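Encoded as structure tokens, the structure appears first; notes follow it.
The values are calculated or read from the model by the stated rules, or taken from the named source; none is laboratory data. Predicted model, so just to flag it, every value in this text is computed and none were measured. No Cβ is skipped: glycine too gets one built from the backbone with ideal geometry, and neighbour counts run over all protein chains shown.
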Amino acid sequence: MPGPRRSRAQPEAAIARRALAPTADRVDFLLAGKDRLAEMRRTVRPLARKLATRLAARPRRRGGPRH
């Protein structure tokens with residue numbers, strides 16, 4: 001009985017790159033369409049709010065202007 005048939009399969013990562021749409025963090029926003037930009041905004045908005053909250057809570061430095 002012959003051994004298992006081996007196809008010229010590509011590595012899973014290469015297949016995934018072609019089969020799945022890239023995630024929002026992997027999209028070139030200059031070339032992205034309207035739908036992709038909306039998805040990127042939905043992804044970034046909660047992260048931006050969280051960052052803004054942390055920065056607002058951080059104590060500010062006091063002192064004169066830096067030269």
Cβ pairs under 8 Å, 6+ apart or interchain, first in region 34-54 and under 16 Å from Thr23 (Cβ atoms), second β-branched (Val, Ile, Thr), ordered by first then second residue, are Arg36/Val27; Met40/Val27
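Would region 32-47 turn up any residue that is modelled with pLDDT under 85 and within 19 Å of the chain's Cα centre (by Cα)? Break it down into steps so the answer makes sense when it comes.
Here is the first cut: in region 32-47, the residues modelled with pLDDT under 85 are 32.
Checking which are within 19 Å of the chain's Cα centre (by Cα) leaves us with 32.
Yes: one or more hits.
Filter region 14-41 for residues that are of a type in the set (Asp, Glu) and surrounded by fewer than 10 Cβ atoms within 10 Å (Cβ to Cβ) and give the result.
Filtering region 14-41 for residues of a type in the set (Asp, Glu) gives 25, 28, 35, 39.
If the condition is that a residue be of a type in the set (Asp, Glu) and surrounded by fewer than 10 Cβ atoms within 10 Å (Cβ to Cβ), then Asp25, Asp28, Asp35 are the ones that fit.
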